[in-house]
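A short reminder: the numbers here are calculations on the coordinates, not readings from a lab. Small disclaimer: the values here were computed from a predicted structure and weren't measured. Neighbour counts are summed over all protein chains in view; Cβ atoms, including those assigned to glycine, are modelled from backbone coordinates with ideal geometry.
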Amino acid sequence: MEKTCTHVWESCLQIIKDNIPSQSFKTWFEPITPLRLEGSVLTIQVPSLFFYEWLEEHYVGLLRKTIKNQLGDSGRLEYNIVVEKSSSQKPYTTNIPSSGNGAEGKNQSIPMPVALNKDIKNPFVIPGLKKLQVDPQLNPNYTFENFIEGDCNRLARSAGYAVAAKPGGTSFNPLMVYGGVGLGKTHLAQAIGNEIKRNMPDKLVIYVSCEKFCQQFVDSLKNNTINDFVNFYQAMDVIIMDDIHNFAGKDKTQDIFFHIFNHLHQSGKQLIITSDKAPKDLAGLEERLLSRFKWGLSADLSVPDIETRMAILKKKMYQDGIELPNDVIEYVAHNIDNNVRELEGAMVSLLAQSTLNKKEIDISLAKQMLKNFIKNTSKEISMEYIQKLVCEYFEVPVEMVKSKTRKREIVQARQISMYLAKSHTKTSLKSIGAFFGGRDHSTVIYACQTVEDLIDTDKKFKAYVHDIQKKLKMS
Ligand code: ADP
Ligand code: MG
């Protein structure tokens, strides 16, 4: 009996359905149309090149087995990819041999048909405009002009500037900016976007936080609009993806981003990425994605020194049309030394206090305000700071605490540091142990227990700990 292509494909689907989760089946197999069966070659139509790549990467083994099962050893599968661009490009066909080792099919280099003219459904697209226009989602205040230069950011800033002048045209692709909370990653990444839009308004630039991207991906799975989602991002000239450490554990979204990344990179488009850690320290990200990040340049933002902090404050004040005595600026910059966002927050509180109480901003108001301010943010105390304080208190050198020494006063300083790190930071026991001289988490548990016992039994010891805790909160 003659088999028709629809029959064959239906039987294949039955097998596939039994072998993969139903959501995947719905997403990746339902949209496929069987086109023809010529001898033992089955041709199926897939909605996009991306779709083809995805099938090839995730389901090639299953497809190969299924085709063999249905069409015998000589069975083969060919793909017809819908090219949505109406121009001269003709629909093109490629094939993956469904027998043999498959290497030939997998490594085939494929020209890139692009689907740009399609009505791309995406929340960012401004409706009613013929040409694809996209709201870049940029904050206009985040400019290079407003981004004060210092030793802490020189490399990242100048690389960002180079990228902004020639998106996709430098070796800084991707450009990865990394650094701790509140050190200016989002500001700098957006400054690049704003600068590109200023000089090249036609470039399609999109800023998206990793979280939002993940959410959009989940939504597109639910609504069966995965193609629109991918097409949208693949149509961009510049993608700015903020906080990619949030990809940790989200394997499917990483997969999609990997594909988008490759597509854009191959077409000479620019990617700008930010992260709270250096690529090598990013846990929970797939190795192949990490290795992509190493293609370009990773530049870090570190904590600004006091001059830079003062310059940042002055700039902000100037923008807001406010003048402050120099000693107040210096006082604030001196006391808030680990985070630019907090620096700004302190300044805002200071202004609010002065307005509400109708008081001049002077050093005594600043002192009073900062006391409250720092108390409120005491949760962000760092282990470095705890260590510094404890060592100062007991007059022991910092290196000793991290060393292996078992001298009594050192052990005491070390155990109290661990105890305070556990109660005043959100750091894990493992990281606390690692920080205080590469010890393991059980050592930290033991230290905390010892300190608690001593607080209960030894009055002098209890006073030490309270003293230090007070300093920790007041400083
Ligand atoms: P991150 O994304 O690294 O957490 P942000 O980019 O949100 O940090 O920066 C926090 C705040 O600090 C923002 O208001 C930003 O404008 C400001 N800021 C950070 N670095 C600088 C700088 N070098 N010059 C001026 N403002 C800065
Ligand atoms: Mg940020």
### Query
About its Cα centre, how strong a charge dipole does region 154-301 have in debye, to the nearest 20, once Lys and Arg get +1 and Asp and Glu get -1 at the Cβ?
380 debye
### Query
Nearest 10 degrees, 0 to 90: what angle lies between the long axis of helix 408-424 and the longest principal axis of the chain (Cα atoms)?
60 degrees
## Note on the structure
Residues meeting the amide H criterion for Met200 (H placed from the backbone, H to H distance under 5 Å, 5 or more places apart or on another chain) are none
### Query
Any idea how far apart Gln14 and Lys26 come out in nm if each label point goes 7 Å out from Cα toward Cβ?
2.3 nm
#### Entry: Of Asn326, Val205, Thr170, farthest towards positive along the dipole that unit charges on Lys, Arg, Asp, Glu beta carbons give the chain
Asn326
### Summary
To the nearest 10 degrees, the tilt of helix 306-319 (Cα long axis) against the first principal axis of the alpha carbons of the chain is 70 degrees
### Task
Output the antiparallel fraction of DSSP beta bridges having both residues in the chain, as a percent to the nearest 5.
30 percent
### Task
For region 9-22, just list the computed ³J(HN,Hα) in residue order, Karplus coefficients 6.51, -1.76 and 1.60, θ = phi - 60°, integers in Hz, with x standing in for Gly and Pro.
5, 4, 5, 4, 4, 4, 5, 4, 4, 6, 10, 9, x, 5
### Task
Quick one: of Lys280/Lys422; Lys371/Lys460; Lys166/Lys280; Lys26/Lys252, which pairs are farther than 22 Å apart, Cα to Cα?
Lys280/Lys422; Lys371/Lys460; Lys166/Lys280
### Task
Return one number: the angle in degrees, 0 to 90 and rounded to the nearest 10, between the long axis of the Cα atoms of helix 154-165 and the longest principal axis of the Cα atoms of the chain.
30 degrees
### Task
Restrict the search to region 278-360; then list the GluC sites (Glu not before Pro) that DSSP places in a loop and that have at most 12 other Cβ atoms within 10 Å of their Cβ.
Glu323, Glu360
### Query
Check Met176: other-chain or 5+ apart residues with amide H under 5 Å from its amide H, H built from backbone geometry?
Ile273, Leu297, Ser298, Ala299
### Query
Using helices alone, what [θ] at 222 nm do you get for the chain, with -39,500 (n - 2.57) per DSSP H run of 4 or more residues, divided over all residues and rounded to the nearest 500?
-16500 deg cm²/dmol
#### Entry: Order of Phe147, Phe213 under a 10 Å beta carbon neighbour criterion, fewest first
Phe147, Phe213
### Query
Residue by residue through region 62-78, which ³J(HN,Hα) values in whole Hz follow from phi under the Karplus form 6.51 cos²θ - 1.76 cosθ + 1.60 (θ = phi - 60°), with glycine and proline marked x?
4, 4, 4, 4, 5, 5, 4, 4, 8, 10, x, 4, 8, x, 9, 10, 10
### Message
Tell me which trypsin sites (Lys or Arg not before Pro) from region 324-370 have a DSSP coil assignment and no more than 15 other beta carbons within 10 Å of their own.
### Response
Lys358, Lys359
### Query
Quick one: net charge of Leu63's neighbours, Cβ under 11 Å, K/R +1, D/E -1?
+3
### Task
With only Lys, Arg, Asp and Glu charged, each at its Cβ (+1 for the first two, -1 for the last two), find how big the charge dipole of the chain is about the Cα centre; round to the nearest 20 debye.
500 debye
#### Entry: Using a Förster distance of 35 Å, the FRET efficiency for Lys371-Lys222 (Cβ separation, nearest 0.05)
0.10
### Message
Using the Karplus curve 6.51 cos²θ - 1.76 cosθ + 1.60 with θ = phi - 60°, what ³J(HN,Hα) values do you get for each residue of region 211-217, in whole Hz, with x for Gly and Pro?
### Response
4, 5, 4, 4, 5, 4, 5
### Summary
If amide H atoms are modeled at 1.01 Å from N in the peptide plane, then the residues at a separation of 5 or more from Glu78, or on another chain, having amide H under 5 Å from its own are Leu42, Thr43, Ile44
### Task
Would you mind classifying region 154-301 by shape? Square roots of the alpha carbon gyration tensor eigenvalues, ordered a ≥ b ≥ c; an a/c under 1.5 is rounded, otherwise it is prolate if a/b is larger than b/c and oblate if not.
oblate
### Query
Farthest toward the dipole's positive end in the chain, which of Val230, His259, Val465, given Cβ charges of +1 (Lys, Arg) and -1 (Asp, Glu) about the Cα centre?
Val465
